[in-house]
Structures are given as C-alpha cells and as structure tokens.
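Accompanying notes for the structure given below.
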Amino acid sequence: MTLARFDKWDWILSLSLALVVLLAVMLTSHLVGLVRDEGFYMRTAETTADYIQFSLDSFGRGQFAEPFSKRTITRYFEFNSEHPTFVKNLFGLSHFLFYKKLQWLSFVDSIRLVAALFAAATAFLVYLFGRRFFSRMVAIASVPLLFTMPHIFFHSHLACFDVPILFFWAATFILYAIYLVERRAGLAFWIAVLFGWAMATKHNVYFIPPLLALLWLVMHFLHYRSLDARHKGFVGFFRAVPLPLWLMPAVSLPVFFLSWPWLWYDTVKRFGNYLAFHTYHVNYTNYYFGQELSVAPFPFSYPWGMTFFTTPAPQLVCFFAAIALFLYWLFGRGRTPVERHIGALLFIGALFPIFLIALPSVPIFGGIKHFFTGQPILLTAGLAVVLEGAAQLARRWPKLRKETAQGLVVAAALFALIVPNAKFVMHGAGFFNALIGGAQGAAENYMQRNFWGYDILPLCPVLNAVAPPGARVFVMGYAEGLNWNSFLYLKREGHLRNDIQGTNELRDADFAFFFYEKQNESVLYDLYREFGTARPLELSETDSVYFSALFGRVK
Amino acid sequence: MPARLSTAFFILFVGAILTTGIFWLFLSDRHGFTAQDEPLIAEVLNREFRQGDIIFPAPDWDIGFTRYLRDGITDISYTLHAFTKEELSDLNNNGVNVLWFVVDSEERWNDLRDRLALREQGRFPAGRSLVIKAQPAGDAVAKLFDFTDDLAQAKEVYFADANGNRDNCSWDRDRWKCGNQEWQYVGPQRTLMAGRWQKANWAHPRTERTLHVVFENTVGATALVIGTSFLERAYREENGKPVRVAVTVDGKELLKYDNENIKKLYRHRIALPEGAQMIDLSFWVKFDGARHFVFNGYLGK
C-alpha cells in the first residue's frame, strides 16, 4: 500500500475547507440553544478563565508556585472534576482571550469556538485521510458530506466533548494507519501526544491501546512467516511492536496527567473517583421504537438502529461501502500484511464505538453522540468506493471525464442534503433520515427526538414579549430540561430578559418551557392541570412534529 | 475492490440521493394536521368538550390544534398507542364521559377503530381532519363502582403491620390521609400507568406494612377489574422492590401477584362469588424507597 503525497495544494485546500467549516459552525451558533451539558462546561470555562487570570496575577506578584499549589488547584478545578480538563482548559483559555480580554466574541461563542475549531480540525483530518489513502476528489468531497450530516453539524456547535473526542478517536486510528505504512518515528510521537490529549478529553479512547495491541498481536502471528528475521523470536517480538504502542504509556500518560491539574494532588483517590463515576454512570432514559430504555439490559440493536436511521441516506450508503472496503482489504486475495492490518484497524476504528454501546450492560446516556466517533472514517473510505464506482461507469463514456462524473454526483448529493440540513439546523439532534420517514416517521415510531433542553431559542422571543417584569418560568430542570447554568447563560447571552426568573416548581411558575421527551410526558400533563390550559403560547416544530413548547398560566 | 462492487455502491448512492431529494422536498411533511384544519378542530372541541371527556389526538406528535383550544380543556392524552382495547374500555364511564379522537385522515381513524374496537357516535369534519366522538365497543364489564371516582366511599383504608397493628387513614377533602409525609396518602389523580394516561389512585406502600383499601359491595357487583403499576420514577429506579398485590373477598383471597419493578400495567379481571360483600385490596412492599405506586379499577357486572 502506498500513500499519496500531501502537497502544497493539499495544504491550501484542506485548510480552506477547515476554515469554511469553522465559519459555517460559528455563523450558525446563534441558532442552536444551550444544551444541559453546556451549562456545566461553560461554568467550568469561567472558572478556568478565572484560574488563568489568577495565575497571571500571581506571576505578576512573583508568586510563581501559587497557581500550582494544592489550594489553588482544588479551588479552580474541583467543579466538574468527574471529567478531565483538556478541552475544558481550551474552553477557559478561549473564553479568557476572546470574551474577557479582547471582547471579540459573545460569552457563549467564546467557549463554543473551541468546538468549532475541533470541527475544523476534523475537516482537515478527513481531508488528510481521503487524500493520502484515496484521491484528492475523495478528500475534498468528504468534508462537506461529513458536515451535512445533521447530527455532526449540530454537535459541532456545542461546548461539549463530543466533537473533540470524535476528532481524537478518528485521528488516532487514521494516523496510526499512516504510521503502519510509513513507520516514521516523528509520527509515532505525535500519535502518542494526540492520544494523551484524547485521554484528557474523554474516556472513550481508553479502549484504543488494548484494541491496537490486540490487533497487532493477531496480525503479528498471522503473518509470522512473512516477517523480517529481525522481528522473529523473543527479542524480535518486542522489536516488532509498533512504536506508538511503546510511546502511549511513555508519552500519552504524562500528557494526560499534565493536562489535568486536578490529578496533581491526591492522585490515586481523585483518579479512582473519576473512574468510579464513569463505571457507575447513570443511564438517561431513551426511547427506541416505542421501547423505554431506562434500565439495563438494553437492546443490542440500539446504536446500530440509531446509526441506520439518523444518517442521511447518501452517507449511509458510504458507511456500508466503507465496511465492504475494509473487509476487502482484510480478506481480499493478494493483499499485503500491512493492507490487512489497516483493513482490520479501520474496521475496528469505525465500528467499535457502536459495538461498545450495543453491549446490553453499557448505559445509554446521550444518544448517537456517544457512538458517532468512527463516522469520519466510514464516510471517507465509503465515499472513495462510491466515487470509484462513478469512475468505473464514466469509463464507458470516453467523452465524460472521471473527475466530472465524480464532481457531478457529489454536487447532486450536497444539493439533496440542503433541505434536511436547513430543516434541522436548530434540531440537529432530532434528525432522522428518509428511511424511517423523517421527523414524522421517527415520531410515529416513538424514537427519541429531543434531549436536554436545547430547543429553546424559538420560545425565548415570545416569553420576552409576554412575560410581565419578574415573571417566573418553569425550566424543567429535574426532567432533563435546562439546567440552571444554561438558563443563566441564556439570559447573559441576551436570549432571555434579565428580569425573568427560573423555577423548577410548576406551582410557582407563571410560564413553563416544555421540552418534549416521551419519558417526560407526565410533565406535560401536570403542566396542563396546573396552568389550566393546554394552549401553548409558542411551539417549536419541524415538519409539523413539535419539539418544545412555551405555556402560560391562566389559573 | 472489485469494480462490480464499487459500481453497485455508486448506483446505491445515486438512489440514495434521489430518495433524499424527493423525500425532503415533497414527502417529509405529508401527515399531521394542516394549518387550515387546526382552528377547525379546536372549534369543534371548544364547543363539544365537557369536563371528564378525554381527547386523543392521532398523530400525537402534532399538537398544533391546541394553540386554538379554550382554557380549561386539559384532558388530552398522547398515549393512545399504548392502550389495548380492554384497557381503553376501562376508561368508559358508562358513556357519561366522551372519548374524542382527533385524526388527520379517514384512514387513520379506520385503523384506530378496528384496533381498539371503537363505536363511532358522532363525526365532525374539520377540513381534511376529523373529530370523532366514540366509545369502546368491546365486551366491557358494566361499571357500577369505580375505585377512583368513588374512593371516598371506601369502607376503610389503613396500614397494618405483621402483628395486626393498624394505622388508620382518614378522608381529608379529596384523599385518604395516612401520615404526615407528603406521599403518605391514598388519593385519585390522573397519571401515566405504564405509558397510558388515566385516572388512578396514588397508593405508595410502606416498608413491611400492608396497605388495605376496603370497599363494600353495595352495588351487587359480580366482577372486579383491577389495574396496578409503578410510576416512572419508581420503575426507573434499579433494584426497586416489587409490590405484592392481593384481592381478598369476604376473607377469601381470590387474586395475588407481585407487581414487578418494571414498566407494565398489570390488569386483572376476576369474577366475584355470589353475594360478595367486603372487598379488600391490599398492597405490601419489602422496602418503600421510591415506590410510587398506583391502582385503579372497578366493580361491575
């Protein structure tokens, strides 16, 4: 297997596409409401920005050790210490620079910028993968096709860990695949650094080293006969271990540790608490074909079915094509050991995240964002197969250039994806594809279409217009609606009037937000009874399917 | 990769483009209530709806017509899909209250009518949509005494421990009050029983004590229907204990089962012995943490 060079034009094209993605995300940020998670992470960004300011002040006073003392670290990093801080540090830095100091961006956008940058980095990564393994056309086309998947585009906005970890997951597998071909020590080092940051972003990636090691072991003994003599025998075995696997403990672990100041003191206890939190993570109820998934065991089909019905049909075809390609690399006749290794590697990188959530005992706590991390790999490789098919057909018409045929089909795909993306730009997490019947088909089948109070922006102007001064609004905080921080940040961002107060008690409320989730429908009945009306002041809908509503008390 | 395979994927991709384009341009919003129909639907309901009636919209994901409803109409159920015809017929209050079905097409109404054995009593066209007045047509037991509507007429309500020591509950406005805690009562409410919105009595049991709700059969009933279930907060609690339910008639136990900690409506219909007098519904739990439990049902013929 030989990889294509990444030349000057590739740098220009990839960086341009990354910039377009960055702008597209930032320019649509005002359309996406604040999800519950963002309430926590934006609060963390504030404390991290305070930490940066405190550190600068300490340095200014000549107290160079003070920012690193146990007291300081505990003060600034205790909040939300159940999650590592690499991305939260970036949230804080961006907030400090672009909101507090330069005032170039609003409060929310200064933090969301980090997610947008990770989306841009993913665009670059996808280009790199497409270009080096397939062709420039695949590289260019993969980027817009990835970001016209409504779930990916939606999550690219959020100041959360989901798109960062999508980037890190895909990057680790793609760069490791490149390493297997090129065996460059510098690349191995950067894979390890990247993996350290990935560990300091989210625990999803802890599975990667065992997977890579196990796969290498299988491939090593499967192709033992064809190995170089220096890779045989006891010593040769250790010599043959890919360098990134050696560097992961040596480099990634220190990078992880350095990225997370909370672990610098009481390391064992705090790391233990972190592991325990995620080992016993609560399950958030989801609906799946009318089945309420609230306690394990969960159906094995859940993440597969959700992926099948939440991916636009053209991209879904690419997913299947990618699987076929990886299996062909792995099992096809005449393939080299490296090709087989890469076929298996990418197959695992693409599908393991889904397989993991499919295990009946693994909690489902956030829908597809927790298993979409392999999708950049699937989309790019699958598109390469599809465009190769276009090239095959184009050969039958000598006047039709291969690139023209490929360009036309990509343009047609993007054109077809305009309408669904426009419809779901505010409800990306509620997107379902044509195969289930879109929003209506999903609602008819009682699939989860909403979560955590993100669909609030269409309701805010109405509340601002009708609420008397000091009015109280029910925020549905106890039932997977808004959290307090999100509510406060909506006010700070100017979406809600400052005098409007939030409450979690219906009986104290003058108005109420209701975020539709089947499992919280009882809130709607309580609300009807308490307010004496079922008449909403405003509904947020797509294709006649409602996502959220605003009610006002009449009794 | 073999050329045939990549060509096949290309053809699939083109098919997916066409499917996507056509669906999202022309077909994605083809069901539901039209903007023109919504005020017409509300007009019918505003005029015809009486207290105690229930409105079932189908589809239940399009609530646009509620924008035009008058205040006071709050009994709208989005849970029709979960009901069996027997369970729906339990809602029938001898025809006193009306079930309204708001449907977006004749076809949907036909499906509902057939699945739930509904008998149409009136029809109000609202543009392309329909507002249908209907009653369950099944072989429902004629309702003589409703455990929820007639809860105040319970002979006695009390908790008893294993030694027979009693804590009596007393009727207080709209419920049997059984203690100082907010949850210690037996009282009617509308709630979701395993996803079916209906009337039921809150009956949170207490650790190692048996809650007895005793009714006197003054109506000469020959049959009893009982429904029990945990509410969401309870069954979403892992390792929650089951509630043991028993129906005893004149000292003889006719029904006993464990209501497991799952999302399920347990519904039983039993024949009462000739001349049955005292009917004791009892509920026991090993540990009462988050045991949000409800029951309903009736005596009939």
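Brief remarks follow.
- Test result for B:Thr74, hydroxyl-bearing (Ser, Thr, Tyr), away from every other protein chain (no Cβ under 13 Å) and under 24 Å from the mean Cα position of the chain (by Cα): no
- Entry remark, region B:135-152: residues being of a type in the set (A, V, I, L, M), crowded, with 19+ Cβ neighbours inside 10 Å and at pLDDT 80 or above number 1 in total.
- Just one of the listed residues (A:Ala390, A:Ala394, A:Ala384) is within 13 Å of another protein chain (Cβ to nearest Cβ), crowded, with 24+ Cβ neighbours inside 10 Å and touching a Lys or Arg at 6+ places or on another chain (Cβ under 8 Å), namely A:Ala390.
- Any chance A:Leu400 is more than 20 Å from the chain's Cα centre (by Cα), in a loop (DSSP other than H, G, I, E, B) and not assigned by TED's automatic domain parsing to the domain that holds A:Phe129: yes
- Condition check for B:Ala221: surrounded by 15 or more Cβ atoms within 10 Å (Cβ to Cβ), assigned by TED's automatic domain parsing to the domain that holds B:Arg206 and either more than 19 Å from the chain's Cα centre (by Cα) or within 16 Å of B:Thr210 (Cβ to Cβ) (or both): yes
- Which numbered condition A:Phe415 misses (of (1) closer than 30 Å to A:Phe511 by Cα; (2) surrounded by fewer than 18 Cβ atoms within 10 Å (Cβ to Cβ)): (1)
- Selected residue (criterion: surrounded by the fewest Cβ atoms within 10 Å (Cβ to Cβ)) from residues of region A:306-355 that are hydroxyl-bearing (Ser, Thr, Tyr) and closer than 23 Å to A:Ile368 by Cβ: A:Thr307
- Close pairs from region A:63-85: first surrounded by fewer than 18 Cβ atoms within 10 Å (Cβ to Cβ), partner among the polar types (S, T, N, Q), Cβ under 7 Å, at least 6 apart: A:Glu66/A:Ser58; A:Glu66/A:Thr72; A:Phe79/A:Thr44; A:Phe79/A:Thr47; A:Asn80/A:Thr44
- Residue in region A:194-202 that is in the same structural domain as A:Leu345 (by TED's automatic domain parsing) and at pLDDT below 95 present: yes
- All positions within region B:70-86 that are free of Cβ contacts under 8 Å to residues at least 60 places away in the same chain and either under 9 Å from A:Ala534 (Cβ atoms) or not in a helix (DSSP H, G or I) (or both): B:Arg70, B:Asp71, B:Gly72, B:Ile73, B:Thr74, B:Ile76, B:Thr84
- Qualifying position, being within 30 Å of A:Tyr41 (Cα to Cα) and modelled with pLDDT of 95 or more, among A:Ala213, A:Ala171, A:Ala188: A:Ala171
- Counting only helices (runs of 4 or more DSSP H) wholly contained in region A:122-185, the ones carrying 2 or more residues that are acidic (Asp, Glu) occupy A:162-182.
- Candidates B:Leu88, B:Leu69, filtered to the one that is surrounded by 22 or more Cβ atoms within 10 Å (Cβ to Cβ), among the aliphatic types (A, V, I, L, M) and either facing chain A (nearest Cβ under 7 Å) or over 19 Å from B:Ala194 (Cβ atoms) (or both): B:Leu69
Matching residues to (1) within 14 Å of chain B (Cβ to nearest Cβ); (2) among the charged types (D, E, K, R); (3) free of Cβ contacts under 8 Å to residues at least 60 places away in the same chain:
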position: A:Gln315; (1), (2), (3): yes, no, no
position: A:Phe320; (1), (2), (3): yes, no, no
position: A:Leu325; (1), (2), (3): yes, no, no
position: A:Arg333; (1), (2), (3): yes, yes, yes
position: A:Glu339; (1), (2), (3): yes, yes, no
position: A:Lys369; (1), (2), (3): no, yes, no
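- Residues in region B:175-186 that are surrounded by fewer than 21 Cβ atoms within 10 Å (Cβ to Cβ), of a type outside the set (Phe, Trp, Tyr) and touching a residue at least 12 places away in the same chain (Cβ under 8 Å): B:Arg175, B:Gly179, B:Gln184.
- Looking across region A:536-555, just one residue is assigned to a loop (DSSP other than H, G, I, E, B), at pLDDT 95 or above and surrounded by fewer than 21 Cβ atoms within 10 Å (Cβ to Cβ), and that is A:Arg553.
- Considering each residue of region B:46-57 in turn, at least one proves to be outside any loop (DSSP other than H, G, I, E, B), more than 10 Å from chain A (Cβ to nearest Cβ), free of Cβ contacts under 8 Å to residues at least 60 places away in the same chain and over 23 Å from the mean Cα position of the chain (by Cα).
- Among the residues of region B:58-108, those identified as of a type in the set (Gly, Ala, Ser) and over 18 Å from B:Ile132 (Cβ atoms) are B:Gly64, B:Gly72, B:Ala82.
- Residues that are farther than 24 Å from B:Asn296 by Cβ number at least 1 in the following strands (runs of 3 or more DSSP E) confined to region B:93-158: B:99-103, B:118-126, B:129-136.
- Test: B:Leu231 is buried (at least 20 other Cβ atoms within 10 Å of the Cβ) and more than 21 Å from the chain's Cα centre (by Cα): no
- For region A:509-535, filtering for residues that are in contact with a Leu (Cβ under 7 Å, 6 or more places away or on another chain), of a type in the set (Ser, Thr, Tyr) and either crowded, with 20+ Cβ neighbours inside 10 Å or at pLDDT 95 or above (or both) leaves 0.
- All positions within region B:189-210 that are more than 14 Å from every other protein chain (Cβ to nearest Cβ) and among the hydroxyl-bearing types (Ser, Thr, Tyr): B:Thr207, B:Thr210
- From the list A:Phe189, A:Phe173, A:Phe154, the one residue that fits, being over 22 Å from A:Leu128 (Cβ atoms) and either assigned by TED's automatic domain parsing to the domain that holds A:Thr279 or surrounded by fewer than 21 Cβ atoms within 10 Å (Cβ to Cβ) (or both), is A:Phe154.
- Answer residue from region B:1-37, given it is more than 25 Å from A:Pro420 (Cβ to Cβ) and crowded, with 20+ Cβ neighbours inside 10 Å and is farthest from the other protein chains (Cβ to nearest Cβ) among those: B:Asp37
The values are calculated or read from the model by the stated rules, or taken from the named source; none is laboratory data. Not measured: the values here are computed from a predicted model. For neighbour counting, all protein chains shown are included, and Cβ atoms are generated from backbone atoms with ideal geometry for every residue, glycine included.
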